[in-house]
Amino acid sequence: LMLENRLWQALEHNEFELYLQPQVELASGRIIGAEALLRWHHPELGMVGPDRFIPIAEESGLILPLGDWVLQRAGRLLASWRTPGLAHLRLAVNLSARQCHGAGLLPLLDRLLAAHGIDPALLELEITESAAMQDPERSRALLVELRSRGIKVAIDDFGTGYSSLSYLKLFEIDRIKIDRGFVKDIESDPDDAVIVAATIALAHSLGLGVVAEGVETLAQRDFLSAKQCDEAQGYLYARPMPVAQFEAMVRSER
Ligand code: G
Ligand code: G
Ligand code: MN
Ligand code: NA
């Protein structure tokens, strides 16, 4: 309850920050974009991670204004990247279930894209299987609308839902993100290795891109590379970091 009360103030007091975690193209080893991950600078508790406050924000309804704040921040960021050395970067933003099913999402996205003159293909929205499955018909309609605008859609935590395959049939998407639970043991668990390799092949047969999450070791990277996985994200490359640090990292690689 205390965290919940403080959360509403936190938005007013501007205590949230977007951290960025690089996404790397495996074939070239270059950073092609980032996932935006929310952080809360609590005045007493210090840095609080989303695992602690997103569920509370979901229940209390704060997730709607908070989600709008994240999208607005993301829009400004993409606009600021229209500069040599950063203009190619894609930004992925997590959507919560409530945001997906609320009426405000599409109008907000339209306003942001127009106001900042953003290339919609540089914005990717990550939706988990469980969020989409709360209301499959509505989600299906939303994804059609997003993709008709040229906004990219990725399925987050792929493989952890109860019906990942029906999901691929039901929804129009661009990319899947293989959950880090499968990536973690690809070197030691033959089942996980087979699942990951088959998932990459399946996604490619359907014309979808693949991002592997939670890549921590060179052996995992080499396995994913050998299986033609498109992109990787994880501590091997970098932890989520402040925007300025991410921009410096991108600039330093050219
Ligand atoms: O680093 P990490 O602890 O950043 O993130 C934990 C979880 O919180 C992730 O699974 C991610 O999906 C979720 N998350 C992070 N940022 C956001 C956000 O802006 N909106 C929503 N809905 N979820 C987020
Ligand atoms: O949206 P999602 O749940 O996928 O967000 C990614 C989460 O995974 C964040 O909490 C992020 O900090 C975390 N994460 C990112 N890279 C790694 C990694 O290499 N290993 C582990 N254990 N967690 C990671
Ligand atoms: Mn995510
Ligand atoms: Na994920």
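The values are calculated or read from the model by the stated rules, or taken from the named source; none is laboratory data. In this text the structure is predicted, and so the values were computed from the model without any measurement. Ideal geometry is used to build each Cβ from the backbone, glycine not excepted, and the neighbour counts take in all protein chains shown. These area figures cover heavy atoms from the full protein model, side chains too; ligands, DNA and RNA do not enter into them. Shrake-Rupley method; radii C 1.70, N 1.55, O 1.52, S 1.80 Å.
The residues listed here are 66, 86; of these, the one that is closer than 24 Å to residue 229 by Cα, at pLDDT 95 or above and open to solvent by less than 20 Å² (accessible area, probe 1.4 Å) is 86.
Is it true that some residue in the range 46-60 is open to solvent by less than 60 Å² (accessible area, probe 1.4 Å), within 25 Å of residue 78 (Cβ to Cβ) and among the polar types (S, T, N, Q)? No, the range 46-60 contains no residue that is open to solvent by less than 60 Å² (accessible area, probe 1.4 Å), within 25 Å of residue 78 (Cβ to Cβ) and among the polar types (S, T, N, Q). Among the residues of the range 152-178, the ones that are under 11 Å from the mean Cα position of the chain (by Cα) and more than 10 Å from ligand 4 (Cβ to nearest atom) come to 4 in all. So which of 22, 50, 65 is within 14 Å of ligand 2 (Cβ to nearest atom), out of contact with any Asp or Glu (no Cβ under 9 Å at 6 or more places or on another chain) and within 30 Å of residue 121 (Cα to Cα)? Unique residue meeting the criteria: 50. Helices (runs of 4 or more DSSP H) fully within the range 96-185 that include at least 3 residues being out of contact with any Phe, Trp or Tyr (no Cβ under 7 Å at 6 or more places or on another chain), within 16 Å of ligand 1 (Cβ to nearest atom) and open to solvent by less than 20 Å² (accessible area, probe 1.4 Å): 97-101, 105-116.
Suppose we keep only residues that are among the β-branched types (Val, Ile, Thr) and in contact with a Leu (Cβ under 8 Å, 6 or more places away or on another chain) within the range 207-247. Which one would you say is most open to solvent (accessible area, probe 1.4 Å)?
Among them, the one singled out is 217.
Matching residues to (1) in a loop (DSSP other than H, G, I, E, B); (2) within 15 Å of the chain's Cα centre (by Cα); (3) more than 16 Å from ligand 2 (Cβ to nearest atom); (4) farther than 20 Å from residue 170 by Cα:
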| position | (1), (2), (3), (4) |
| --- | --- |
| 69 | no, no, yes, yes |
| 78 | no, yes, yes, yes |
| 82 | yes, no, yes, yes |
| 86 | yes, no, yes, yes |
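Among the residues of the range 17-29, is there at least one that is surrounded by fewer than 19 Cβ atoms within 10 Å (Cβ to Cβ), more than 30 Å from residue 227 (Cβ to Cβ) and at pLDDT below 95? Within the range 17-29, not a single residue is surrounded by fewer than 19 Cβ atoms within 10 Å (Cβ to Cβ), more than 30 Å from residue 227 (Cβ to Cβ) and at pLDDT below 95. Listed by first and then second residue, the pairs with beta-carbon distance under 9 Å, at least 6 apart or on different chains, first residue in the range 95-119 and over 15 Å from residue 82 (Cα atoms) and of a type in the set (Ser, Thr, Tyr), second part of a helix (DSSP H, G or I) and open to solvent by 30 Å² or more (accessible area, probe 1.4 Å), are 96/54; 96/58; 96/64. Taking residue 9, is it farther than 28 Å from residue 176 by Cβ, among the polar types (S, T, N, Q) and at pLDDT below 95? When the stated conditions are applied, residue 9 passes them.
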